[in-house]
Amino acid sequence: MPWCDSCSAHHAPTALDGGSCPQCGGVVTDNSPHAHDGVDEEKTVGQSAPWHFWIVVVALAAYLLWRLVIGIMWAIDKF
């Protein structure tokens with residue numbers, strides 16, 4: 001999405017006036033994820049999954065562990 005550093009605002013691509021900001025006339029840069037041709041290695045190194053992803057992973061592990069305990073108890077009771 002086009003971004004103007006002068007007025008600190010995002011603009012719609014159709015609102016640009018020849019590559020300049022329609023409000024202040026400053027230089028507009030395209031900082032969308034698809035604006036770059038390659039993967040920027042500096043930005044991807046060291047990034048981690050969001051915290052809520054890890055909550056889901058822990059909840060899933062606890063659920064599967066509980067199901068394992070229930071399965072073992074069932075097997076012991078069955079035989």
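Remark: region 62-70, residue by residue, has Karplus-estimated 3J(HN,Hα) of 5, 4, 5, 5, 4, 5, 5, 4, 4 Hz, where x stands for each Gly or Pro and the curve is 6.51 cos²θ - 1.76 cosθ + 1.60 at θ = phi - 60°. Residue order for Val28, Val57, fewest other beta carbons within 10 angstrom first, comes to Val57, Val28. Each label was represented as a point 7 Å from its Cα along the Cα-to-Cβ direction; for Leu60 and Asp77 these points are 2.8 nm apart.
Values in this text are rule-based calculations from the coordinates and carry no lab data. From a predicted model like this one, the values you see are computed outputs, not experimental measurements. Note that we place each Cβ from the backbone using ideal geometry, even for glycine, and neighbour counts take in every protein chain shown.
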